[in-house]
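Step one of this worksheet: look at the structure below.
The values are calculated or read from the model by the stated rules, or taken from the named source; none is laboratory data. Worth saying up front: this structure is predicted, and the values here are computed from it rather than measured. Cβ atoms come from the backbone with ideal geometry, glycine included; neighbour counts cover every protein chain shown.
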Amino acid sequence: SSAETYAAIDAFAKPDTDLNKGLRTIKDNDPSFEPKTFVDGAKMAYEMIVMAYADGDRKTLKNLLSREVYDGFVAAIGEREAKSEKIQSSFVGIDKADIVAAEMKGS
């Protein structure tokens, strides 16, 4: 039923809000989409990106970032390496992650 299909979305975003409508559109186009799973994945990706940047790991960054963002990160890594600078980093965690807007592009 429609209520079952959108239950996770309605629990995540108040019904009849732009966010809820956007999430429903995504769900309509990708039936496997679940907001909590998406946020959990985004948190993991963020940690991987931060650590890959700190480590100068271009390969990981290339797999996780758009071309434009990747190019910016690689330029910054290159500048850092040219100055023989290193980043020592440990990732503690993310306090809060949420979806604040959602829309379907190119569907």
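Residue count for the range 62-96, restricted to those that are closer than 30 Å to Lys14 by Cβ and surrounded by 12 or more Cβ atoms within 10 Å (Cβ to Cβ): 1. Summed over the range 97-107, residues that are surrounded by fewer than 11 Cβ atoms within 10 Å (Cβ to Cβ), at pLDDT 90 or above and not charged (D, E, K, R) total 2.
Taken over the range 49-61, the criterion of being of a type outside the set (Ser, Thr, Tyr), under 30 Å from Pro35 (Cβ atoms) and surrounded by 12 or more Cβ atoms within 10 Å (Cβ to Cβ) is satisfied by Ile49, Val50, Met51, Ala52, Ala54, Asp57, Leu61. A search for C-beta distances below 7 Å between a residue of the range 1-26 that is within 25 Å of Gly106 (Cβ to Cβ) and any residue that is acidic (Asp, Glu) and assigned to a loop (DSSP other than H, G, I, E, B), counting only pairs 6+ apart in sequence or on different chains, returns Ala8/Glu34; Gly22/Glu103.
Within the option set Ser89, Ser84, Ser2, being within 28 Å of Ala101 (Cα to Cα) and at pLDDT below 95 holds for one residue only, Ser2.
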